[in-house]
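Here is the structure we will look at, set down as structure tokens.
The values are calculated or read from the model by the stated rules, or taken from the named source; none is laboratory data. As the structure is a prediction and not an experimental result, all values here were calculated from the model. In this analysis, Cβ positions are derived from the backbone assuming ideal geometry, glycine residues included, and neighbour counts consider all displayed protein chains. Accessible surface is based on the protein model in full, side chains and every heavy atom, while ligands, DNA and RNA are left aside. Shrake-Rupley method; radii C 1.70, N 1.55, O 1.52, S 1.80 Å.
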Amino acid sequence: MRFSSASFWQDRPTFVTGGTGLVGTWLIRRLVDLGADVVCLVRDWVPQSELVRSRLIEQVRVVRGDVRDQALLERTLGEYEVDTVIHLAAQTIVGIANRNPISTFETNIQGTWVLLEACRRSPSVKQIVIASSDKAYGAQEVLPYDEATSLQGQHPYDVSKSCADLVAQTYAKTYGLPVCITRCGNFYGGGDLNWNRIIPGTIRSVLRGQRPVIRSDGSYVRDYFYVEDAAAAYTLLAETLAARQELRGEAFNFSNELPITVLDLVRKILKLMNSDLEPDIRNEAIHEIKYQYLSARKAREVLSWKPMFSLDDGLVRTIQWYQSFFASEPQ
């Protein structure tokens, strides 16, 4: 695998939206380690977030505000002379999207076009990476998804990602904006405080001696993509786009290419944690796609990319993070 170049990132003004999110924190850590001059957009102050908790936030510049605020984004891009933009800010929870579709549409779709329009008006910006999702593909008869698969989300979260993805493509094709798009599976890793997600929720339940809850019937199939691999994929894509302008408008799937059922994933976590608890299978999931998994062949061939961590390796590192997190909680 090609690794990110410290010479490329050294002192590079880099703007990251969604800085307190799961991927945002690990991406910012990677960028800081590579020597980038990081500016991050933070909407809500989340003191439990890894960005704040690890004091990583003290090593970056922070802009407080909403990704839908175009004047704020234009000011940020201009005043910090931003060179590279990585857009991660989103409402990412399917259940919240089902209950609150408008706020999800506003953040995920409007937030994307506002950011891209701000970039279009900011001549310093040279690379833009937009985070889409495997959910943008919607339900498909043919799996795994590849980048030629049509974008046909039907439920609120999936539609928001299909639309944002298409908006990014139109800014590349119509305006020549240097945009690439990522479509990844379900992220996991230390720092995810959305406990209704299966991996952090399961680990927390086990650490508290409670049966882990599976909202579906357990047979849903997904890709799970470790967050340090995701951070490396973002930096590699931005670097490659800088060297190869013909990639503007291109989308790339990133995946371990190891689909697994939710039930098998929970059992794997229970085994790694030496737990004999039995899952509580609720069969309550609605408006969710049954089978989703990706082909990362294009990323492997065009970007010389491959994941650094197996599923077991990523889960072990994730479990260790949560064990440390809960051990440090006030008793």
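Could you give the C-alpha radius of gyration of region 134-174 expressed as a fraction of 2.2 N^0.38 Å, taking N as the number of residues it contains? The partial results should precede the final answer.
Working: Rg = 10.4 Å, N = 41, 2.2 N^0.38 = 9.0 Å.
Taking N as the residue count of region 134-174, the ratio is 1.15.
Quick one: pull the percent of accessible area on the chain belonging to carbon and sulfur, 1.4 Å probe, ligands and nucleic acids left out. Don't skip to the end; give the middle numbers.
Details: 6640 of 14120 Å².
C and S fraction of accessible area: 47 percent.
When the C-alpha atoms of region 81-169 are aligned to their principal axes, what extent does each axis show, in angstrom, from largest down?
On the principal axes, region 81-169 reaches 43, 30, 15 Å in Cα extent.
Say each of Glu301 and Asn196 gets a label point 7 Å from the Cα, pointing the same way as Cα to Cβ; how far apart are those two points in nm?
It works out to 3.9 nm between the two label points.
Using only the alpha-carbon atoms of the chain, report the extent along each of the three principal axes, biggest first, to the nearest angstrom.
Its Cα atoms span 57, 47, 40 Å along the three principal axes.
Among the listed pairs Lys135/Lys298; Lys173/Lys290; Lys161/Lys268; Lys135/Lys173; Lys126/Lys306, which are separated by more than 27 Å between their Cα atoms? Walk me through the intermediate numbers first.
Working: Lys135/Lys298 18 Å; Lys173/Lys290 33 Å; Lys161/Lys268 29 Å; Lys135/Lys173 22 Å; Lys126/Lys306 25 Å.
From the list (Lys135/Lys298; Lys173/Lys290; Lys161/Lys268; Lys135/Lys173; Lys126/Lys306), the Cα-Cα distance tops 27 Å for Lys173/Lys290; Lys161/Lys268.
What is region 203-283's relative contact order, in percent, from Cα pairs under 8 angstrom and six or more apart in sequence?
Taking the mean separation of contacting Cα pairs over the length of region 203-283, I get 58 percent.
Send over a whole-number figure in Å² for the accessible area per residue of region 255-331, probe 1.4 Å.
Details: 4450 Å² over 77 residues.
For region 255-331, the solvent-accessible area averages 58 Å² per residue.
Working from the alpha-carbon coordinates of region 171-249, get Rg over Rh, Rh being the Kirkwood radius. Intermediate values should be presented prior to the final figure.
On the way: Rg = 17.9 Å, Rh = 15.4 Å.
We get a ratio of 1.17 for region 171-249.
Could you do me a favour and compute the accessible area per residue for region 63-210, 1.4 Å probe, result in Å²?
Solvent-accessible surface per residue comes out at 39 Å².
To one decimal place, what Kirkwood hydrodynamic radius in Å is obtained for region 187-331 from all pairs of distinct Cα atoms? Don't jump to the answer; show the numbers that get you there.
On the way: mean 1/r = 0.0600 Å⁻¹.
So the Kirkwood estimate lands at 16.7 Å.
Return the percentage of antiparallel bridges among DSSP beta bridges fully within the chain, rounded to the nearest 5 %.
Working: 2 of 34 bridges.
Around 5 percent of the beta bridges assigned by DSSP in the chain are antiparallel ones.
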